[in-house]
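These notes are about the structure you will find just below.
Taken together, the values in this text are just the output of simple stated rules run on the coordinates, not laboratory data. The model shown is predicted, which means the values in this text are computed figures rather than measured ones. Don't worry about glycine lacking a Cβ; one is built from the backbone with ideal geometry, like all the others, and counts go over all protein chains shown.
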Amino acid sequence: QVQLVESGGGLVQAGGSLRLSCAASGSIFSIGAMGWYRQAPGNQRELVARINSGGSTNYADSVKGRFTISRDNAKNTVYLQMNSLKSEDTAVYYCNADVSIGLLKVWREYWGQGTQVTVPS
């Protein structure tokens, strides 16, 4: 099995910064794309940013220029640096990863438990 454990959420004033981390552990052979999604109350879960194993990234238009996704392959960890935070960034942020596991190297998608980010208006 694989676990994704997020950390770094919290409450921050508008204009402030937070850094989210997500570490993958378990019977991992290889990790492909990793990403961050978010879900605000009453809204569907949406993509925030994604990074593939080669380091190519893509971002939601709403966070371009403010958020930066990165990864440390040696640590099986993905980060999300969030700057210039706005009230509309308030949501539960979920880590996501495509992971190859086991002797058969089967690819599966995994999710973290979520971490709350709150930016008061």
key: Whole-Hz couplings from phi, Karplus 6.51/-1.76/1.60, listed for the stretch 31-38; x for Gly and Pro   = 10, x, 5, 10, x, 10, 10, 9
task = Could you work out how far the C-alpha centroid of the stretch 66-95 sits from that of the stretch 13-27, in angstrom?
result = 5 Å
inquiry  = With both bridge residues required to lie in the chain, what share of the DSSP beta bridges run antiparallel, to the nearest 5%?
reply    = 95 percent
message = Please list, by residue number, everything in the stretch 23-40 whose backbone N is under 18 Å from a paramagnetic label point 7 Å out along Cα→Cβ of ASN73.
response = 23-25, 28-35
key: Net dipole in debye of the chain [+1 Lys, Arg Cβ; -1 Asp, Glu Cβ; about Cα centre; nearest 20]   = 160 debye
Gain upon complete extension [SER7, ALA60; 0.36 nm per residue less C-alpha separation] = 17.0 nm
request  = Assuming 1.002 mPa s and 20 °C, estimate D for the stretch 22-69 with Stokes-Einstein, Rh taken as the Kirkwood radius over Cα pairs, in µm²/s.
outcome  = 175 µm²/s
key: Relative contact order (%) - the stretch 6-110, alpha-carbon pairs under 8 angstrom, separation at least six   = 35 percent
remark   = In nanometres, the difference between 0.36 nm per residue of separation and the alpha-carbon distance of GLU46 and LYS86 is 12.8 nm
